[in-house]
1. Note down the net charge around GLU56, summing +1 for each Lys or Arg and -1 for each Asp or Glu among other residues with Cβ under 11 Å from its Cβ.
2. If I fit a long axis through the Cα atoms of helix 105-126 and take the longest principal axis of the Cα atoms of the chain, what angle between them do I get, 0 to 90°, rounded to 10?
3. Rank PHE137, GLY107, THR73 by how far each Cα sits towards the positive end of the charge dipole of the chain (+1 on Lys, Arg Cβ; -1 on Asp, Glu Cβ) and give me just the farthest.
4. Rounded to the nearest 20 Debye, what is the dipole magnitude of region 16-128 about its Cα centre when Lys and Arg each give +1 and Asp and Glu each give -1 at the C-beta?
5. Looking at (i) 1.31; (ii) 1.12; (iii) 1.00, which value of Rg/Rh (Cα atoms, Kirkwood Rh) comes from a calculation on the structure shown?
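Values quoted throughout were computed directly from the atomic coordinates according to the rules given, and no laboratory measurement underlies them. Since the model is a prediction, treat every value here as computed from it, not as a measurement. Note that each Cβ is placed from the backbone with ideal geometry, even for glycine, and that neighbours are counted across all protein chains shown.
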Amino acid sequence: MAHDKHDTKEFHLSESPGHLLHRAQQFAAERFTKAMAGAKLTQRQFAVLHATAEEEGLTQTQLVKSTGIDRSTLAELVARMVKNGLLEREKLPDDARANAVKLTDDGRALLEAATLGAKEADKAILSALPKNKRASFLETLRRIAETLEKGEEAAKQAKIKVKEKKKKAKKKAKEKAKAKAKKAARKSKKVSADAAPKTGT
């Protein structure tokens, strides 16, 4: 596919939302790490601890929704945090396949200490903006996150529907083929019976 030679000239990193968000995220991650003061806690681990503290007993599926961390990454995080004594898992009585995630005493103590650092990191980030711009900035970030999450969820549901539709079509085709085979077998049996020599006449 041919590209207009002017395409690259019309693109500027300084005006790219993706690039600017990435740079802002780099700064936020650096401030968070610095604020943790050797606690060795990542932003994702902090998010898991905080989400669990807000509503103990969440399943890992619910934690995916509340933190925005993808399923496979969250599973690895939780497993590591359980191993490190920060979280514990319990089987749900009404669903043996799901685990309820809870904070341990060590996890709660670490969260309390880390929350102070997280607040300092957020304060440093917001200090780059005038006070009268901070609320609208946070609202814009929330709107972006919520809109993208809704889009991902819609795409996921659409994919599930397509998969279910294909599964139903495959099942229907299989049942149709099976019925056709039975019909053919009955017809063959009837032909064989009609062709067999008759006795007693």
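1. With Lys, Arg at +1 and Asp, Glu at -1, the neighbours total -2.
2. Once rounded, the angle reads 70 degrees.
3. So the residue we want is THR73.
4. For this selection, approximately 420 debye.
5. Only one option fits the structure, namely (i).
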